[in-house]
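A short reminder: the numbers here are calculations on the coordinates, not readings from a lab. Keep in mind that what you see is a predicted model, and the values were worked out from it rather than measured. Cβ coordinates were reconstructed from backbone atoms using ideal geometry, including for glycine residues, and neighbour counts include every protein chain displayed.
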Amino acid sequence: MALLPARLRVEKIMKNSVEIKNLDLQFGSVKVLQDLNLDIGKGEFLVLLGSSGCGKSTLLNCIAGLLDVSGGQIHINDRNVTWAEPSDRGIGMVFQSYALYPQMTVEGNLSFGLKNAKLPKPEIAKRIKQASEVLQIEPLLKRKPAALSGGQRQRVAIGRALVRDVDVFLFDEPLSNLDAKLRADLRVEIKRLHHKLQNTMIYVTHDQIEAMTLADRIAIMRGGQIMQLGSPAEIYGRPINKYVADFIGSPSMNFLDGHVENGTFEVGDLSIPLDGYEFVDASATDGPATMGIRPEHVVTGELVESAPFQVNVEVNLIEPTGSDTLVDCEVAGHHFRVRMDGQSRVSVGEKLRLGFAPTRASLFDANTELRL
Amino acid sequence: MTDTSLTPLTGPQGPKPRKSFSRRNIFLYGTLITITLFYALPLYVMFVTSLKGMPEIRLGNIFSPPLEVTFQPWVKAWSQACTGLTCNGLSTGFWNSVQITIPSVILSIIIASVNGYALSNWKFKGADAFFTILIFGAFIPYQVMLYPIVIMLREIGLYGSLGGLVLVHTVFGMPILTLLFRNYFTSLPEELFKAARVDGAGFWAIYTKIMVPMSLPIFTVAVILQVTGIWNDFLFGVVYTSPDNYPMTVSLNNIVNSTQGVKEYNVNMAATILTGLVPLSIYFVSGRLFVRGIAAGAVKG
Ligand SMILES: Nc1ncnc2c1ncn2[C@@H]1O[C@H](COP(=O)(O)OP(=O)(O)OP(=O)(O)O)[C@@H](O)[C@H]1O
Ligand SMILES: [Mg+2]
């Protein structure tokens, strides 16, 4: 080992936990996953985010070994598990519908996998004790799943993955059957669990708040492919294309269709200076483009004076949400939304002066929709 | 603000009143009562007749209750009535039927449930084709296969034995039972099956520990279906067994249709009721189980 160059040694330690290589999956003639590559580091919390039907569950099932892949490889902990049984892959899985065995008690549910693995009784008891302490389900051990609330059931389902003492956890929309409050609570609990256990977690969701709060990295999926893979800040701040920009953020991004000309963005009779905008490709040429500005990046009131670009609008509609107030208006013939403080007093028909910084905006090519 | 507790409510309030003699109710209960009579009356006539002596029956009052209750016809039907040459009553047929029904029901349900489980959860290559062929089997009239099966049974040396008949019943129960089980297992949440696989359970472990315990209602349905079907079978019993092994239905037929002597209506009635007693009790016993099974299997969420 001592002979290895330092850099190589580091790589050895930083090995990936899960590696997906050129993965293909098709149901009959329908290609659901196409040539998908994804490396997930040890202890990483990766969130798969995408709209319904984009193949998130399918990918997770492939990793778990519940679906036979049509092509490519899956490695878990440096072992090629492409053909391995789900139970031999060193994974635990939590399902959306909890999938607790209804005729077994909570204890029976937790011990089922361990009994199948022929673990000695004292070991089983020890693991159940540990898991139920971590998840605070000790008083429920003798109950049947039917006698549990939704949150308790999901906790037991997580416990079932926990007792298996595995390195990789797979979650398929574990919180989407719960009400909003419980979802927020359990979300925090999952995050805490991850801090404590430090194992790899792959988490499927279509709730972006969940994705942003939990993830180390987010993979945005669409049509069986990964569109963008990056930290939540990257995904939010520098979306790679218009789809991702539109998908992430609520309320969604405002788009202005115009064109880039000599370092300004021209839309209608406005021209927005692009000083300080970080182009992906420094030699980007002029041409038709779309500018995206998040409603929360638009400023009003005194702050406007310091903004590099300013424009006057008329308020069309107000949507108060309590903490914020969303204001609908029109900029250069485009529908435009602005997020203001919930305290601010605005009324329909009022004139408003807006300002924003092009450095926080995103520019996309009008044809390819890729980030400029 | 007005104080609503002071001003009494007017207009419709509380539960909606229902007329007990609406046209709808009369029609509904009328139909139900007619149908009940249609089914219950013959049973009543059979029962009272079986408790009468022959002299009383000859009076011809079929609806009147017995003046003098006698259980002699029941005893005779069970142990003395003549079928052709032998006079052992229904008892031989009864035990034959028991020996036919129990293994056939158990075998066919075990095989069909495993089939249905494999077809719904372990999609193997050609599973759909296999299923289609199996279902097609349900639509082939039995009569077509009657004679070929005689030859097959003869070739494997089971013709005329109880074993042969058990085999035939098991095979013929397969299509409809497999369909029943497959559809039931398909309706169970797929994630449960996936969770069990992640937990390291194999084909048989998932079947015995997860699927079967969740399937009491469908097993009850299958038992009712098979017990009544096999117990009531006449055709296969006549064709595939020898007189020593005739099931109860065939014995009953032989008693009722025996041509010697006078027609003993009371014995015939008693024999018929005796033969029908097994399916009847299955309904009573498992009917309640069935309802309880459905209630127990209902896990919300
Ligand atoms: N057994 C199957 N046979 C054929 N097509 C399937 C099958 N299972 C899934 N698909 C298709 O594969 C695509 C991806 O499905 P998948 O369940 O992975 O979506 P998802 O991203 O998990 O969506 P959701 O957010 O709704 O759960 C869908 O278009 C679906 O119609
Ligand atoms: Mg899904």
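All of A:ALA219, A:ALA282 fail the test of being within 16 Å of ligand 2 (Cβ to nearest atom) and of a type in the set (A, V, I, L, M), apart from A:ALA219. Screening A:PHE45 against (1) within 25 Å of A:VAL188 (Cα to Cα); (2) within 16 Å of ligand 2 (Cβ to nearest atom); (3) among the hydrophobic types (A, V, I, L, M, F, W, C) leaves a single unmet condition, (2). Restricting attention to segment B:73-125, the residues that are hydroxyl-bearing (Ser, Thr, Tyr) and not in a helix (DSSP H, G or I) add up to 2. Among the residues of segment B:64-103, those that are under 20 Å from B:LYS263 (Cβ atoms), β-branched (Val, Ile, Thr) and in contact with a Gly (Cβ under 9 Å, 6 or more places away or on another chain) comprise B:THR70, B:VAL75, B:THR83. Of A:ASN177, A:ASN116, all but one fail to be within 16 Å of ligand 2 (Cβ to nearest atom) and within 11 Å of chain B (Cβ to nearest Cβ); the exception is A:ASN177.
The set of residues in segment A:256-277 being on the phi > 0 side of the Ramachandran plot and in contact (Cβ under 8 Å) with a residue 24 or more places away in the chain consists of A:ASN262, A:GLY268, A:GLY276. Checked against (1) surrounded by fewer than 21 Cβ atoms within 10 Å (Cβ to Cβ); (2) outside any helix (DSSP H, G or I); (3) within 14 Å of chain A (Cβ to nearest Cβ), B:VAL212 passes all but condition (2). Number of residues in segment A:196-213 that are more than 16 Å from ligand 1 (Cβ to nearest atom) and surrounded by fewer than 23 Cβ atoms within 10 Å (Cβ to Cβ) equals 6. Identify all residues within segment A:47-67 that are within 12 Å of ligand 1 (Cβ to nearest atom) and over 21 Å from the mean Cα position of the chain (by Cα); write none if there are none. Residues satisfying the conditions are A:LEU66, A:LEU67. Do the conditions hold for A:ARG222, that is, is it away from every other protein chain (no Cβ under 14 Å), within 13 Å of ligand 1 (Cβ to nearest atom), within 21 Å of A:LEU33 (Cα to Cα) and out of contact with any Lys or Arg (no Cβ under 9 Å at 6 or more places or on another chain)? Judged against the criteria, A:ARG222 is a match. Just to be sure before I move on: is A:ARG153 within 14 Å of another protein chain (Cβ to nearest Cβ) and either touching a residue at least 40 places away in the same chain (Cβ under 8 Å) or within 23 Å of A:ILE63 (Cα to Cα) (or both) in the structure I sent? In short, yes.
Among the residues here, A:LEU170 qualifies as within 14 Å of another protein chain (Cβ to nearest Cβ), among the hydrophobic types (A, V, I, L, M, F, W, C), within 16 Å of ligand 2 (Cβ to nearest atom) and at negative phi.
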